[in-house]
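See below for the structure under consideration.
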Amino acid sequence: WPENDVLRSIGPHVAAAPRIRWSAAEFQLHEFIDGEVLDSFAPRGKAVPPEVVPAVVDLFVALYNTPVAVVPPTPDGWPEDGDTAAFASRLTAITKGVYRTNLDEFAGLFRGLGIPEDPVDGVSSALDGLSSRPFRLVHTDVHRKNMIMRDGSVVFIDWELALLGDPVYDLAVHLLDRPPLGDEPG
């Protein structure tokens, strides 16, 4: 969805997001968020301020409580509400497509980073065992570089990847922003 459509939809439901001021075609203006990006003073591996964890929880609750009826329509072929396996399969297909699209240009880099020829090998066989959950609006990109600290509160930015899907996906993406086990600070 275009970010301006998402911001307009969530305005009454998600307090911790920028407000859209104007949009037309592919341009938008939203409020300026005066603050500091969390990653600039609490990068990965450094503890976040105490108000961040409750703010993330509040965001996930607000997204879960945002009525599905107010979000933009899903594209044709989008998985049916609650079909978590189809949702995960769609994301897996997108990942494979991005990999294939960029393989010619970045094959050496992919090899150097240890990315296998099938970047989601083994995932497809596990999808059928996923539990079904009602779909909700998910941000899909909640991490330190998309959080701005303003006056002791957190504002979540970069809504262009938001979609309707399994809310556990947001949690999983967010948890990937933590250091590997054993590398936690102090």
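The values are calculated or read from the model by the stated rules, or taken from the named source; none is laboratory data. All values derive from a computational prediction rather than experimental measurement. No Cβ is skipped: glycine too gets one built from the backbone with ideal geometry, and neighbour counts run over all protein chains shown. Remember, those area values only see protein heavy atoms, side chains included, never the ligands or the DNA or RNA. Shrake-Rupley method; radii C 1.70, N 1.55, O 1.52, S 1.80 Å.
Numbers below:
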{"quantity": "Environment charge at residue 5 (Cβ cut-off 13 Å; Lys +1, Arg +1, Asp -1, Glu -1)", "calculated": "-2"}
{"quantity": "HN-Hα J in Hz across region 123-134 - Karplus 6.51, -1.76, 1.60, θ = phi - 60°, x for Gly and Pro", "calculated": "6, 4, 5, 8, 5, 5, x, 6, 6, 7, 9, x"}
{"quantity": "Taking N as its residue count, the alpha carbon Rg of region 60-121 over 2.2 N^0.38 Å", "calculated": "1.55"}
{"quantity": "Solvent-accessible area, 1.4 Å probe, carbon plus sulfur percent, for the chain", "calculated": "57 percent"}
{"quantity": "Coil-residue GluC sites (Glu not before Pro) of region 1-93, DSSP, other Cβ within 10 Å capped at 14", "calculated": "26, 31, 51, 80"}
{"quantity": "Alpha carbon convex hull of region 1-89, projected area averaged over orientations, nm²", "calculated": "8.2 nm²"}
{"quantity": "Accessible area of the chain divided out per residue, in Å², using a probe of 1.4 angstrom", "calculated": "59 Å²"}
{"quantity": "Size of charge dipole - region 1-92 - debye, nearest 20, with Cβ of Lys, Arg +1 and Asp, Glu -1, no other charges", "calculated": "160 debye"}
{"quantity": "Per-residue [θ]222 nm for the chain (sum of -39500 (n - 2.57) over DSSP H runs n ≥ 4, rounded to 500)", "calculated": "-11000 deg cm²/dmol"}
{"quantity": "Rg to Rh quotient for region 92-154, alpha carbon positions, Kirkwood Rh", "calculated": "1.12"}
{"quantity": "Sparsely packed trypsin sites (Lys or Arg not before Pro) within region 4-34, loop by DSSP, other Cβ within 10 Å at most 15", "calculated": "19"}
{"quantity": "Ratio Rg/Rh, restricted to region 56-186 and using Cα atoms, in which Rh is the Kirkwood radius", "calculated": "1.00"}
